[in-house]
Structure formats: structure tokens, C-alpha cells
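A.B. asks: Below you'll find the structure I mean.
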């Protein structure tokens, strides 16, 4: 059975509905992956996520490496057992986080040296050891180490980083092939190249042509305007092997997700739906609202009338506002359940629209109703 | 059907197993009531509480009055609907909280004037308006306004406060009798009298002899040593009408609960099980542990091997330690589920022991295994 299968392509866009046959069950695509950086999707239990229809979550090797440490997770019997999650886990290498540590990290061709934000101790990530560590903790989908660069770096810097990422990609595949692994342990390469089109093309063609199970697009959605994100995504996709699943790293707002799907993205993740929950924000069909606003004191409707999540079935905007104003933990819990459910539901509806051949009208309708 | 029925009395102590027939279902006693001060038991959902076997929770009028305000809860259709809780709710008047506001409150025979800790605005609680407000929000069991005094006040101050509490108790019954209420709205009087035995006796006999549905013991467990708490409890109980349910306000640790049950207490509440959860502490059969301690990094056992709660069925001490160290909300959530479940389970086992006639040996066994 092949890892990825496209079931239906949209006739008016690059959108597609597919199926990932992963070690721990099939995953319908497009799919949103909630971020569980430190082996927990913030403020929800695994049961909450199952009920929201979540089939795969993210972990972050860099964070797990620092706390609790790889050995703890390995001795626990792997990340799934450690965190009580039975479905799929994709782990990011944490390249993005390490490269954000400007001033306390140093890049060489061999890898990246950095200091722990916890105790200042020195550490070294290489393409090889991040693959090994992700295997040790039992990740289902491993991400390679890539060099993430800030927005709008110059040509030479961007070229250097893109080449290094390609070199590291080769090393990643080599080390994985030497390991004694379950064949269902998957590995994805990451396309970089900044915002420079011919470097994006170079990176896309090279990474996509290598023996990875999937392709990720990195280095976008890093602070630039949304139009530019989508333009670069659209441009990059042309050069990719479209038989492999395409993962866009770091997009999670409703409009961004719909645009990503339209451009052929199969998988995406973002901290946004969980982060805004802790700030009192919620997605609705009519746009994003903040529960602390005045109008909600006597509003006894659910966050979204069409939403069937635990929060919307049982709690009112008035109550959620009260919880948020009272700084109660339950506020973060209930808003997170809703926002994750909302996004997963939106992606499911997009998928159904693709399967039924009406994605374009679904997309237009959704955008029309959604006020930012 | 009478509100309270004693099913079985222990032969060797004052412990008893009973049944409260409340508006929203029967409540087996002894019963622990988790504290949901601001219309939420901190860090858990209603479903979590149902699963833990919780049949009644506490609310606090003082806090709800300040935020979100009585009118909001009334318009929501009452406190149960507002907070999505189908079972019983006992509301405390918040006397204890108001009287703790030294410097920003003023007591007269009519009531207590205080300033809001939120915006400094001035408010006045009277025996009458606290009953009315608890009725307006739909509380199942209403507590009267009482005057709580600090530990070790002198005789005259304590006498004055005890007399005022008696006077307020009369006013409370009078106003309730004039209101158009469901007859199943219950009201409890509160015994005060500090740590002075003849004032405790005066208060106990007077309050217990009035037409209340239950008797609460207030003003204990306010900082004094446990032996003194139990001595005063034991002394006070003698003067109470033992046909009424007895509620001890503010006890919630395992050993305290067992002692309270032994002395004839039917109901108790405390923030302790929920509060310690947010500080990384957990009850176990062998005593209280703090999950941040060194020994737990590689401890893949559940918090308590005999506990059947969601946390113990699914998560290890190692994982809980990781969550706590990472300051993850899930840490508070999972520890709260466990600690509430543990206490409710302990009370259930005490009840079964009373029914089976072996409470004394159950009590001794538990204390023997439990290291503070």
C-alpha cells in the first residue's frame, strides 16, 4: 500500500483530497495538525483531541530534547505512550526554533551549535542526530534539519542556506537508510529558498526529487504579507512531485488554510488556533471574535451556532467571557476545544467539497461570510 | 420525602452514612463538594467532574456577585445552566471572603459593607439580600450570611459575632419564608463561636434548633492546629440536632476528611484538592507527593496504582512531572482530575465501610498507610 494516494483533484484549482496510510491509521487529507510542541497540545487532553476528530499532531524535537530529554521519552516506550496519544505524530526537528536563537547559536556545514534556553548548556544538532533522535522517540513522520532564514535575506545568504539544506537533506536520507527501522517510519524533506524565486525553484526541484516520503515547504509564513506567502507557495508547488504529500509549515487561520488547500497543500500545522484560545479569541463562521468584548456579557448563544464541539454544545459566550475575565483555566480549555474543532471541521468540509466537485463555490462562500 | 435520611450509624464512632434528597438528584453522604468559587471548579470541565463521581459542587455568592454579576447568571437561566452543571450546587454567601477583607469592610448589625477588590466600588451584604441573591441564581442549598472572626479573638468580640450570626440566621429564615420558592430550595444555618466552648455551645444549640434544613460548622479550620479543630468539632456536634445533615466548612485533606466523617460530618468542601493540583501536588494512598521531585523523572507508574481516574489510567508520573516543569496547563488539568477523584473515592470507601460496619478498621488502615 502506498503511503499517499490522491483520491480526487479539483477541476478549478490545485486542491486535492487524499489519504495517508500511516503506521497508526489512515489520515484523510487535507489535514490540519494541532501543535503539541512539548508533548501536549496546550490546554486539552488526548480525549478532547480525539473527539475533535484530530488524526495527527505535531511534536517538536528541539523542545523535547531540552525537556524532558530524549532518554526519558525513549524509556517511557516512545512519544505516543509518554503523552497518551494513539494516533499519528509528526515531529519537527526544531530547526526553526534553533535558528531563531540568534546570538546563542552557530551554524557550520556539519550542523548547528546552540545554547539551552533552560540552563545555558551547549548542544549540537546535526542532520544525522536529529533523524536518530526522532527515530528514538518513535515519531511516525520525521522532519529533516533545515536552515531557516529570516525574512528578506540577500541572495548569497539565501543561496548558501538553501544549498546547506539540500546537503543536510542528503545526509538525513543516508542516515535513515542505515538505521534498523520499521518501514512505516516516514521522512519529509523541506524546501527552503527564502523569497527568491529561482532559489525556491532550485530547492523545490532538488528536495522533491529526492527519496523522501513527503515534501514540506518551509520558510514561508514568517512575517511577510499573506499575498506574498500564497504567491511563493503557488510558484513553488509547480516544481514539486505531486505524487507526494505536500506539507505547508505554519499556517492555521481559516482563510490561510483555504488558500493553502486551493494551492494543493495536503497537510498544515500552526500554533495559532491554540495560542489565540489562551488570549480569549475564537473562530466563528462570521470571523474571529474576542470573547472579552462588551457585547458578550449577555450573549447566551454558543461561540458558533453551527459548531458541534463540546464547548458550543454546552457553554455560552456569556459564560466564556466570565471565565476569561476571571482568568480561569477553563477559559483556555474550552476555547482551545472549540478552535481546534472549528479548524478540523473547516478542513473536513473543504475535503468533502473537493470530493463532491464544488470546492470553488465552498471556498467563495466561506470567504464571503468570514470577516477578518 | 425528607431531605435527609441516615441509613446507618457506625457503632464505634459518630460516623454515619446517609442520603440527601436534593432537587437535582440524591446525594450519598458523607460527600465531598469540590469548590467552584467562580462558577467553575478550576481546571476541569463538568464532564470531568461527572466522571469523577461528583454529585454536588460549591459556588460562592460573593465572587459571583462581583463577576459576572447576579443579573447575568439570572438571565442565563440560573447558575446550573450558566456553568453547564446538572447536579446540585451549594452556594456559600461569601461571608468568609468578605470578612477577610480587613480594612475595606465595615460590619454593622444590618450587614457588612465592603469595597470591591475589582474596582473599589462600595457594596452592602445583608442577611436578606444574600438569601435573595442565592435564590435568584438558583442555588439548591443556600448558606446564610455569618460573621467569621479571626483565630483566637477574645471572649467579648467572639460573643458579639456569635450573637450577630444568630440574629442574622433569624432574618435569613424570615426572608426565605416570604419568598415564592420551590420548596426544594434548601437553607443551612452556620454555627460560629470561635474557639470558646460555651459560645460554640450557645451557637450550636441555637442555630441547630432553628428551622434550617441543615447545619454548617463555620469558623474552624482557619489556621489552628488540627487537634484543636477536631476537638472543637467533636465538642460542637454534641449540641446539634443529629437528624439534620452536618456540613463542615473548609476541610479537604484525606486525614482531615476521615476525622470529620468519624465525628459525624456528612458534607465538606475545601479548595485544597484543586489548589494543590496547580502546585504539582497529588494525593496517593501512601501520602501526598509533589510531582516536581527528582525521583519522578523516570517513574512511569501512575500517580496512584489503585486509582481508576482518567489521569491514572492514562498518564505516568514522569509525564506529569514533564508537564509541570514545562508549565503546561495540562498539568493542572490532569492533577485536578486525579485529586478530586482521589478524595471522592476516599469518601465513597468511607461510606461503604460505614455501611458494612467496619469504618474503624478502614480508618486505621488508611491512616497507617498515609504518610504526611
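Only the coordinates and a few stated rules stand behind these numbers; no lab work does. As the structure is a prediction and not an experimental result, all values here were calculated from the model. Here the Cβ positions follow ideal geometry from the backbone for every residue, glycine too, while neighbour counts run over all protein chains shown.
A.B. asks: Starting at 0 and stepping by 5 Å, how many percent of the alpha carbon pairs of the stretch B:105-184 end up in each bin?
C.D. replies: Calculated over all Cα pairs of the stretch B:105-184, the distribution is 3, 14, 22, 20, 18, 13, 7, 2, 0 percent.
A.B. asks: I need the calculated FRET efficiency for the pair residue B:271 and residue A:286, taking r as the beta carbon distance and R₀ as 45 Å, to the nearest 0.05.
C.D. replies: Values: r = 39 Å, r/R0 = 0.87.
Computed FRET efficiency for residue B:271 and residue A:286: 0.70.
A.B. asks: Please compute, for peptide B:313-326, the average count of beta-carbon atoms on other protein chains lying within 10 Å of each residue's beta-carbon.
C.D. replies: Details: counts 1, 7, 5, 6, 0, 6, 10, 0, 2, 12, 5, 0, 4, 10.
Other-chain Cβ atoms within 10 Å of each residue's Cβ, averaged: 5.
A.B. asks: Along Cα→Cβ, 7 Å out, is where each label goes; now give me the distance between the ones at residue A:349 and residue B:368 in nm to one decimal.
C.D. replies: 6.3
A.B. asks: Let me ask something else about it. Quick one: of the DSSP bridges fully inside chain B, what percent are antiparallel, nearest 5?
C.D. replies: Values: 22 of 48 bridges.
Antiparallel bridges: around 45 percent, rounded to the nearest 5.
A.B. asks: In degrees between 0 and 90, to the nearest 10, how far off the longest principal axis of chain B does helix B:127-136 point, with axes built from Cα atoms?
C.D. replies: It is inclined by approximately 60 degrees.
A.B. asks: What translational D, rounded to a whole number of µm²/s, comes out for the stretch B:52-160 from Stokes-Einstein when the hydrodynamic radius is the Kirkwood one over Cα pairs, at 20 °C and 1.002 mPa s? Before the final figure, lay out the partial values.
C.D. replies: Working: Rh = 14.9 Å.
Here the translational diffusion coefficient equals 144 µm²/s.
A.B. asks: Antiparallel as a % of all DSSP beta bridges within the protein assembly as shown, to the nearest 5?
C.D. replies: Approximately 45 percent, going by the DSSP bridge assignments.
A.B. asks: Pick from B:138, B:295, B:256: which residue has the top mean-square fluctuation in a GNM of chain B where Cα pairs under 10 Å get a spring?
C.D. replies: Judging by the Gaussian network model, the answer is B:295.
A.B. asks: Evaluate E = 1/(1 + (r/R0)^6) for residue A:235 and residue A:293, where r is the Cβ-Cβ distance and R0 equals 45 Å; express this FRET efficiency to the nearest 0.05. Please report the intermediate quantities before stating the final value.
C.D. replies: On the way: r = 39 Å, r/R0 = 0.87.
With a Förster radius of 45 Å, E is 0.70.
A.B. asks: In degrees, nearest 10, range 0 to 90: what is the angle between the Cα axis of helix B:226-237 and the longest Cα principal axis of chain B?
C.D. replies: 50
A.B. asks: Among A:72, B:6, which comes first, second and so on when ranked by fewest other beta-carbon atoms within 10 Å? Before the final figure, lay out each step's value.
C.D. replies: Numbers: A:72 19, B:6 15.
In order of increasing Cβ crowding within 10 Å: B:6, A:72.
A.B. asks: Also, I was wondering about something else. With labels modelled as points extended 7 Å from the Cα through the Cβ direction, what inter-label distance (nm, one decimal) is found for residue A:119 paired with residue A:227?
C.D. replies: 5.1
A.B. asks: Using the alpha carbons of the stretch A:272-372, what is the convex hull volume per residue in cubic angstrom, as a whole number? Intermediate results must be reported in sequence, preceding the final value.
C.D. replies: Numbers: hull volume 9.0 nm³, N = 101.
Per-residue hull volume (Cα only) is 89 Å³.
A.B. asks: Just how far, in whole angstrom, is the stretch B:200-264 from the stretch B:309-331 if you go by their alpha carbon centroids?
C.D. replies: 36
A.B. asks: Can you list the equivalent-ellipsoid semi-axes of the stretch B:180-268, largest first and in whole Å, using the square root of 5 times each Cα gyration tensor eigenvalue?
C.D. replies: On the way: eigenvalues 95, 47, 23 Å².
Those come to 22, 15, 11 Å.
A.B. asks: Something else about it: Please compute, for the alpha-carbon atoms of the protein assembly as shown, the extent along each of the three principal axes and give them in descending order in Å.
C.D. replies: Sorted from largest, the Cα extents of the protein assembly as shown read 90, 55, 46 Å.
A.B. asks: Let me ask you something else. Over chain B, what is the relative contact order in percent, taking alpha-carbon pairs closer than 8 angstrom and at least six residues apart? List each step's numbers first, then the result.
C.D. replies: Details: 709 pairs, mean separation 65.9, N = 372.
Worked out over chain B, it gives 18 percent.
A.B. asks: Quick one: what does P(r) look like for chain A with 20 Å bins over all Cα pairs, in whole %?
C.D. replies: 29, 59, 12, 0
A.B. asks: A further question on this structure: Run the helix sum for the protein assembly as shown: -39,500 (n - 2.57) per DSSP H stretch of 4+ residues, divided by residue count, reported at 222 nm to the nearest 500 deg cm²/dmol. Mind showing how you got there, number by number?
C.D. replies: Numbers: 30 runs with 311 residues, N = 744.
Counting only the DSSP helices, I get -12500 deg cm²/dmol.
A.B. asks: Please express the Cα-Cα pair-distance distribution P(r) of the stretch B:215-356 as a list of whole percents, one per 5 Å bin, running from 0 to the bin with the greatest distance.
C.D. replies: For the stretch B:215-356, the binned pair fractions read 2, 10, 19, 19, 16, 12, 10, 7, 3, 1, 0 percent.
A.B. asks: Now for a different question. Can you figure out the FRET efficiency of residue A:242 with residue A:75, using R₀ = 45 Å and their beta-carbon distance, to the nearest 0.05?
C.D. replies: Values: r = 41 Å, r/R0 = 0.91.
After rounding to 0.05, the efficiency reads 0.65.
A.B. asks: Counting only the backbone N, which residues of the stretch A:226-254 are under 16 Å from the spot 7 Å out from the Cα of residue A:6 toward its beta-carbon?
C.D. replies: The answer is A:234-248, whose backbone nitrogens lie closer than 16 Å to the label point.
A.B. asks: Tell me the label-point distance for the pair residue A:23, residue A:102, using the 7 Å Cα-to-Cβ offset, in nm and rounded to one decimal.
C.D. replies: 3.7
A.B. asks: Helix B:329-355 versus the longest principal axis of chain B: what angle, 0 to 90°, nearest 10, using Cα atoms?
C.D. replies: In chain B, helix B:329-355 runs at an angle near 80 degrees to the longest axis.
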